[in-house]
Every structure is written in C-alpha cells, then in structure tokens.
Amino acid sequence: MSLPEPVTAAGRQGLAALLADPGGALIAVDYDGTLAPIVDRPAEAHPAPGAVAALAALAPRVAMVAIVTGRPVHAVLRFLDLEQVDGLADLVIAGHYGLERFVGGRTEAPLPEPGVGQARARLPAMLADAPAGVSLEDKGHSLVVHTRQAAEPAGALAALTPALTELAGEVGLVAAPGRFVLELRPGAIDKGGALRRLVAECGARSILFVGDDLGDLPAFDVVEAVRAQGVPGLTVCSASAEVSALRDRADLVVDGPEGVVTLLRTLVQSAA
C-alpha cells in the first residue's frame, strides 16, 4: 500500500518529517467517527476492524500513540482489551477533552464541575417534551443531548439548541455542537489543549492528528500553530457526509474509519 499524498505543502512536509523520523512522531486520533463508526447508541461504538491492531503496531515505532476524545476514559477502555493487545501498554488516552487522562495503566480525573450537577438536575424537565428519539447521555464531566434517533435529527437539534445554550450559560458551562449532538461541558477544555499537552509531554518532533467532527477543530488549530513554531504536522479528516468543516481544513482526507485504519496500516509499513 502507498501513502496518499496530502493536498497542502505543509501537510506533505509533515508527512515527510514523520516518515524520516518516526521515533519523534506523535500519532493522535479521535475515537467516534475516526477509530469507530458513528452509531445510534454510543455504547455500541466498537472500533473499526483492524483499528486497535494498527495502533498497537504503530506504538513501538513512534514517540507516542494517543486517543484524544470527548468520551470519558472508562468508556474508551471498555472497547480496548489492552492486556490482550501487544504494543498498547503505553497507550495514552486524553478523555473528556483532556480533563481525564489514562497513562501508565492508571486513570487520573478531577471532580466534575458544579455546573454539571446543576444541569443534570434541570435537563430531564427541559427534555420532557422533546421529540421522540432525543436522548441524554451523562458522561460525568459533561452532559450530551443526542438527536440522531429523532425523526428529523437536524430540526430537533435546532429547536433544542437555544434553551440548552441558555441553560449552559446559567450554570457556567458551554454548549458545544457536534454530529446531531449538543454537549454541555466546562468551557476551559477542548481537544486543542489536550493535544498541546501531549506534544510537550513526549517532545514531539512531528505530529499527526486525525479527527472527524467540529470538536476536532481546536486540535487542527494546534497542529497549525506548532507548525508555525517549526514542528511539522499533518491534519487528517475522517470524512463523512454530515460534517464538511474538517474536510475543508484538512491536509489529507480519508474515507471514514475504514480509511483511517488503512492510513494507520500504511504508516506502520512506511515507518518500519
């Protein structure tokens, strides 16, 4: 298999730097829509075939392999049997946008913000008259309203967004949009901050970040920022028909989680 060519000069430089010095590379990937297909029920978002094995094969060849996700750490770990996958013992998971961390086999997490508890108490009444199929996911440090299973997902989300945004502001949270979701979460966290910490932690000499949704844009921003500081990087979009913002910003576009797995496998061969 041959590696696809990034469409930007900066992306081509980032890929070349990664291949020339894989031991200095940080490989960071989102989970939902990137390693795992988007599904109606978050609890059923299993990794795409070959995704975990590809990460395991890359891990000993690069500086760090990390999953950067809005999911809690425990929600990702339930899909990954780390003891059975050689090569992933050193996997880092930045969960809840970096608020939680899994490193060295241990999870580190602060207490939830008070506003999350306040929103949790008020949301059931607010959603009582929501369209059928709207659901609430409690992630501990944040709360997510899903409309994917509603008859008109986009319309349901648009109708609920003003009140949910107002609630978030009242309790000191932000309302962050995604693929037929609106997440009420602390405002000081995002995937950009999580990625920046990982870059510093492993002393990355090059970066590859793969994402699929609006919540991944801050990580794209960080890749572009560190490139300006002399660290080559490559942004990759796991493409879908639902979100175009990342496709327009990415150095390289692949076809959903299957395309991500193919890219990771090709990197394994190229970095051998």
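Below, the figures for the structure above:
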| quantity | calculated |
| --- | --- |
| Pairs where the first residue, in the range 39-52, is outside the structural domain of residue 179 (by TED's automatic domain parsing) and closer than 14 Å to residue 149 by Cα and the second is modelled with pLDDT of 95 or more and surrounded by fewer than 16 Cβ atoms within 10 Å (Cβ to Cβ), C-beta under 8 Å, 6+ apart | none |
| Candidate set from the range 203-213 (those that are in contact with a strand residue (DSSP E or B) (Cβ under 6 Å, 6 or more places away or on another chain) and outside any strand (DSSP E or B)); member that is farthest from residue 246 (Cα to Cα) | 204 |
| Unique match (being closer than 21 Å to residue 144 by Cβ and surrounded by 22 or more Cβ atoms within 10 Å (Cβ to Cβ)) among 206, 238 | 238 |
| Selection count, the range 140-156, where residues are touching a strand residue (DSSP E or B) at 6+ places or on another chain (Cβ under 8 Å) and either among the basic types (Lys, Arg) or closer than 22 Å to residue 117 by Cα (or both) | 8 |
| The range 181-200 residues that are free of Cβ contacts under 8 Å to residues at least 40 places away in the same chain, paired with ones that are among the hydroxyl-bearing types (Ser, Thr, Tyr) (beta carbon under 7 Å, 6 or more apart) | 182/161 |
| Filter pass, residue 175 being of a type in the set (Gly, Ala, Ser), within 23 Å of residue 218 (Cα to Cα) and touching a Ser or Thr at 6+ places or on another chain (Cβ under 7 Å) | yes |
| Restricting the range 111-139 to residues that are under 24 Å from the mean Cα position of the chain (by Cα) and touching a residue at least 24 places away in the same chain (Cβ under 8 Å), the residue that is nearest to residue 166 (Cα to Cα) | 119 |
| Filter result for the condition that a residue is of a type in the set (A, V, I, L, M, F, W, C) and in a helix (DSSP H, G or I), over 223, 243 | 223 |
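The values are calculated or read from the model by the stated rules, or taken from the named source; none is laboratory data. What you are looking at is a predicted structure, and each value in this text was computed from that prediction instead of being measured. Backbone-built Cβ (ideal geometry, glycine too); neighbour counts: all protein chains shown.
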